[in-house]
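*Asks:* For reference, the structure I am asking about is given below.
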Amino acid sequence: MSVELNHTIIPAKDKWVSAKFLADILNLEAGPEWGHFVPVKTANGVTLDFDTREEFRPGHYAFLVSDAEFDAAFARIRAQGVRYYADPRRTKPGEINHLHGGRGVYFDDPNGHVMEIITTLRRPARADLIDCAPAPARCTAYRGATSSP
């Protein structure tokens, strides 16, 4: 059996509000409640289990989507008045990015988590197979190095 991610827990001040928010943006289903979690299941079988917590550190969650799914999700982000950015540090508000030959956008969820949708993979399946031609200075840590970039 190969190793696969099965689920991750996403803390939230209100698990239903957060699960429904993300499910609505991504056109997925929230729930039904499982134990004390509100699950949102992605197409590859990974479940995001939202759990109510008083205190937590916001996280970053990225979703690979098709071009059509990106268009639909981005339209919902804009229609709902959700703040969005071209970068994770939120220095380019109201913009999307066109990295790696695709499109991407970061957006805030109700709990301060940074959500991201992308249409192309940003990392190769194997770091030693990366094509560094476009930006070789940023790829020096990949090939043959012992530390991560």
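Bear in mind these aren't lab numbers, they're just calculated from the coordinates by the rules spelled out. None of these values were measured; they are calculated from a predicted model. Here the Cβ positions follow ideal geometry from the backbone for every residue, glycine too, while neighbour counts run over all protein chains shown.
*Asks:* Need the list of lysines near K41 for cross-linking: C-alpha distance under 27 angstrom, and skip anything on the same chain fewer than eight residues off.
*Replies:* List returned: K13, K15, K20.
*Asks:* Also: So, in nm, how far is label I9 from label H100 when the simple model puts each one 7 Å beyond its Cα toward the Cβ?
*Replies:* The answer from the label model is 2.9 nm.
*Asks:* Over the Cα atoms of region 12-102, what Rg and Dmax result, in angstrom?
*Replies:* 14.2, 41
*Asks:* Can I ask one more? Run the quick spin-label model on T91 and K41: label points 7 Å from Cα toward the beta carbon, then report their separation in nm to one decimal.
*Replies:* Simple spin-label model gives 4.1 nm for this pair.
*Asks:* Would you please state which residues of region 39-66 a label at L121 would reach in this model, taking the label point 7 Å out along Cα→Cβ and a backbone N cut-off of under 19 Å?
*Replies:* Residues passing the 19 Å test: 42-46, 61-66.
*Asks:* In whole Hz, what ³J(HN,Hα) sequence does region 36-41 give by Karplus (6.51, -1.76, 1.60; θ = phi - 60°), x for Gly and Pro?
*Replies:* Running phi through 6.51 cos²θ - 1.76 cosθ + 1.60 with θ = phi - 60° gives 9, 9, 10, x, 10, 9 Hz.
*Asks:* Of L28, I118, V40, which is farthest on the positive side of the dipole of region 7-118, counting Cα position, with +1 on Lys and Arg Cβ, -1 on Asp and Glu Cβ, and the Cα centre as origin?
*Replies:* My answer, from the dipole projection, is I118.
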